Amino acid sequence: MALAVLAAGCAGDPQQAAAPPDETSPTSPSSPTSATSTAPVRPGAWVDGLPVGPPPEIGYVIGNTYHSPEGRMVRVLRDHGVTSIARLGDGFLVTSDQIFEGSTGVYVLDDRGRVDTSAGQPGHVPGAATVSGYPVLSADGATLHWLTFTPPESGLDLPTLLHTGDVDTGDVTTVRLDLAPSFLTEVTGVIDQRAILQTGWGGRGETWVSDGAAGLTRTPVLDRASMVSARARLVVAALGDVGIKVLDFDTRKVLWRQPHSYAMAFSPSGRQLLVGTRRRMSVVNARSGEVRHDVAPPPYRQKQWYAEQLAWEDERHLLASIELEHRAAVVRIDVRTSEVELAVDWTPTDGPFAVAFETRP
């Protein structure tokens, strides 16, 4: 998941907030608004003229309604916006828009989208358990990993905990870590059940690797790690203030560097990496950095557009949310041709976080 500016230039922030949808279905888009020399084209009008494609092949939340690839819809976390969602047993693990100084709310939900308060589940404790960063999946998608801590401003003294959830059963095991909660520690990835933990505001701190239990090993060569592909066993770390480097997790060797860039998302296989700069977005070979495709942002005749959230659907396609004027839509981009189609039509939204794509390995 990423916030992406897909062209140069400045634009006003999208405005969201409206009545929640009862249902959402990817139907044909409305007719495009005609433009004349005296009437400006309304923001987002280019979406209305897109060809209509199939609905997303990965789950997503739009407003506060979760849509599975099979067509199931569940109302989730009704009182807050959803910033990430992952399946956990019959229910979900979600993070919310309760963002404060780098941390956010985290909840375990049941199959009806309600907060799960059953015994043994690490349900959210208001003002106590928060999470920095998003939960991550193992390479096989079998386990979900996240870390909770107690923010100092809560006035509580609760431990930093590393949670591992069985995606099929929903069972969660928890170990206590000896890390200071004030460092905003997050799980950036997991390889062979070893969690890669990054401390520090904005990923500028230390990197630690767990041993699959409660033990931690300081790993300076991976410092400032921001993104991990469990399947390709690759780690992206910050290079200076603006730039990235990609390392092989097993050898700890730097494979390539690229200044003035930022990593956006690994493809599902981990063989490709989406990389952004101020002026373009490219798909590169994740192990060499060689550019495979330059992705031209739509609409082709406008100076800029915003993709609020972005995710790989498969090795060839990206999904991007377009959020404007109390509504959101999802478009699909073919990274090889830059062709764009509508995947989810304009839908009323609830708050500032209108779309979240389901967590994937």
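Just for the range 309-350: of the residues that are open to solvent by 40 Å² or more (accessible area, probe 1.4 Å) and free of Cβ contacts under 8 Å to residues at least 40 places away in the same chain, which one is farthest from Val47 (Cα to Cα)?
Per the stated criteria, the residue is Arg316.
Could you list, in sequence order, the residues of the range 241-291 that are loosely packed, with under 14 Cβ neighbours inside 10 Å, touching a Ser or Thr at 6+ places or on another chain (Cβ under 9 Å) and in a strand (DSSP E or B)?
Once the filter is applied, which keeps residues that are loosely packed, with under 14 Cβ neighbours inside 10 Å, touching a Ser or Thr at 6+ places or on another chain (Cβ under 9 Å) and in a strand (DSSP E or B), the range 241-291 yields only Val291.
In the range 178-192, what residues are part of a loop (DSSP other than H, G, I, E, B) and modelled with pLDDT under 90?
Result: Asp178, Leu179, Ala180, Leu184, Thr185.
Go through the range 22-47 and report how many residues are modelled with pLDDT of 55 or more and out of contact with any strand residue (DSSP E or B) (no Cβ under 8 Å at 6 or more places or on another chain).
5
Taking the range 160-173, which residues are modelled with pLDDT under 90 and open to solvent by 40 Å² or more (accessible area, probe 1.4 Å)?
The one that is modelled with pLDDT under 90 and open to solvent by 40 Å² or more (accessible area, probe 1.4 Å): Leu161.
Just need a number here: residues in the range 193-216 that are aromatic (Phe, Trp, Tyr) and either open to solvent by less than 10 Å² (accessible area, probe 1.4 Å) or at pLDDT below 85 (or both).
1
Go through the range 75-87 and give me each residue that's in a strand (DSSP E or B) and either open to solvent by 10 Å² or more (accessible area, probe 1.4 Å) or of a type in the set (Ser, Thr, Tyr) (or both).
Selection gives Arg75, Thr83, Ser84, Arg87.
Got a sec? Which of Ala225, Ala238, Ala230 is of a type in the set (A, V, I, L, M, F, W, C) and surrounded by fewer than 21 Cβ atoms within 10 Å (Cβ to Cβ)?
One residue alone meets the criteria, Ala238.
The values are calculated or read from the model by the stated rules, or taken from the named source; none is laboratory data. Note that the structure is predicted; figures quoted are calculated from it, not measured. In this analysis, Cβ positions are derived from the backbone assuming ideal geometry, glycine residues included, and neighbour counts consider all displayed protein chains. The accessibility values were calculated without ligands, DNA or RNA, using every heavy atom of the protein model including side chains. Shrake-Rupley method; radii C 1.70, N 1.55, O 1.52, S 1.80 Å.
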